[in-house]
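Each remark here refers to the structure printed beneath this line.
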Amino acid sequence: MSECLHVSELPRPEPAPLSDTCPECLAAGTHPVQLRLCLVCGHVGCCDSSPLKHATAHFEATGHPVMRSFERTESWRWCFADGSIV
């Protein structure tokens, strides 16, 4: 894991999730494969293994760089801007 500049800029404590699942998948009628939590705003989106890749789309639309897994047994974080686990 690496530490990036984006991690130090994240709000503390981390934002509360805005939903329990990917709202874009619900609206589109698709099933999210795994969920990711935006650590800037709390948006919950599906991973890149899901058909519509809403977590990545959220980063591209907002520029919010860091997310973490929203799966119960995982705690890793990813920086889209740096392309690395942080």
Accessible surface, the chain, averaged per residue in Å² (probe 1.4 Å): 58 Å²
Long-range Cα-Cα pairs in the chain (distance over 22 Å), rounded percent: 18 percent
Value of relative contact order over the chain, rounded to a whole percent, pairs C-alpha under 8 Å and six or more apart: 27 percent
The chain - percent of accessible surface contributed by carbon and sulfur, probe 1.4 Å: 55 percent
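The values are calculated or read from the model by the stated rules, or taken from the named source; none is laboratory data. A quick note: this is a predicted structure, and the numbers were derived from the prediction, not measured. Remember, those area values only see protein heavy atoms, side chains included, never the ligands or the DNA or RNA. Shrake-Rupley method; radii C 1.70, N 1.55, O 1.52, S 1.80 Å.
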